[in-house]
Each structure stands twice: as structure tokens, then as C-alpha cells.
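Quick notes on the structure that follows.
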Amino acid sequence: MLDRRAFVKSLLADRGGLAVVCGLGTPTYDAAACGDHPLNFYLWGAMGGAAMIGLGVLVLTGDGEALMGLGSLATIGVKQPKNLVVVVLDNQHYAETGMQPSHTRFGIDLVAVAKACRFADALHVSELSDADRIRDLAQRGRGPILVQALIASDDAPRVLPTRDGHAIKTRFMAALGAAAGSG
């Protein structure tokens, strides 16, 4: 199993202008632990919404949030956004609410769900070296792609970015504009 922080750090290394929407809870803490970035959009209190908000970017989410938003995978399949990669950090637990086992622990396969929803590609990963490949996929625009990354269920320390929604939105929009202007 992957160490979640090492995997996310490798995934976000050399990201260039890659915008990242971080799902509620541990995906947000993981991205913030790698260093706050203006192209990180942190969701607070929007469980199940990361994939839909992130249409057109790299989405970091957890298995609990992905399971809560299964309907969004069907919408993504219909819309076929080419520049969307959804990375599910799957520790097989609902970490935010006390580490109860999630449905992936009992065999629900999010890759199979994504394929049934007509994603261009969907894959399981369990090696740190896979992060480079995923980042390349995100930057090439051949999506939609779903990656189910099997990570260890260690309880990493929380690294909290700002919780000011207006500041997050304003900073993210400015960074998107700057990234578009430099490309």
C-alpha cells in the first residue's frame, strides 16, 4: 500500500499550471502538507462534490467522498471532459468520521464503476512511481480518467490550509488566470 503523503507529494511535484480540487478532509490535508499552492482549491463542507466541482482539473478525493458522489461519475461519463483526472485516495475507511470501513473495503471497485460510466481510462495503482504517470495523464488531456490509489490507512497529522472560502476562491481564480496567461 502507498503512503498517502508520499504519493500526493510525488503526484503534485513539478505540477506546472495544474489546478487541483481537493475533497473534504484528508485529501485537503495531504495537499496542504505538500505545501499550500494558489492552484489548490480546498473544499470545506462539500462532501461528495469534488469530482463535479473539479471538471477540467486534477481532483484529489477520498474513497468515502467518491462513494457519496457516485452519480457524479455518470455525469462525467456523459460530459467526457478531456482534461479531468480523478484520483481517489482509497484507504478503505471513512477517516473523517472515525475510521469506519468504507464500501471499498468490502469489494466495491471504483475503477469498474468508472469504466461502466464510460471514462476514457480507469486504473488501480499501488506504487509510488505511478504518480509520475498520473501527473502526465492529467497534463495531456485524454480523460476523463479515474485512478483508485490504494493507500495505507495511517492517520497522518492534519495540515490545515485556510478555511476562508472567499479567500480560497479568489486566490484560485487569480492563479487560474495567471496559469492561462503563461500557457
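The values are calculated or read from the model by the stated rules, or taken from the named source; none is laboratory data. Note that the coordinates shown come from a computational prediction; the quantities given were computed from them, not determined experimentally. In this analysis, Cβ positions are derived from the backbone assuming ideal geometry, glycine residues included, and neighbour counts consider all displayed protein chains. Just the protein is used for accessible areas: all its heavy atoms, side chains included, with ligands, DNA and RNA removed. Shrake-Rupley method; radii C 1.70, N 1.55, O 1.52, S 1.80 Å.
List of remarks:
- Qualifying residue in segment 86-101 (condition: among the charged types (D, E, K, R) and closer than 18 Å to Gly23 by Cβ): yes
- Matching option when the condition is modelled with pLDDT of 85 or more, in a loop (DSSP other than H, G, I, E, B) and open to solvent by less than 50 Å² (accessible area, probe 1.4 Å), among Gly35, Gly48: Gly35
- In segment 8-23, the condition of being of a type in the set (Lys, Arg), under 19 Å from His124 (Cα atoms) and at pLDDT 85 or above is met by at least one residue.
- Look at (1) touching a strand residue (DSSP E or B) at 6+ places or on another chain (Cβ under 7 Å); (2) farther than 16 Å from Tyr42 by Cβ and you find that Pro157 fails only one, number (1).
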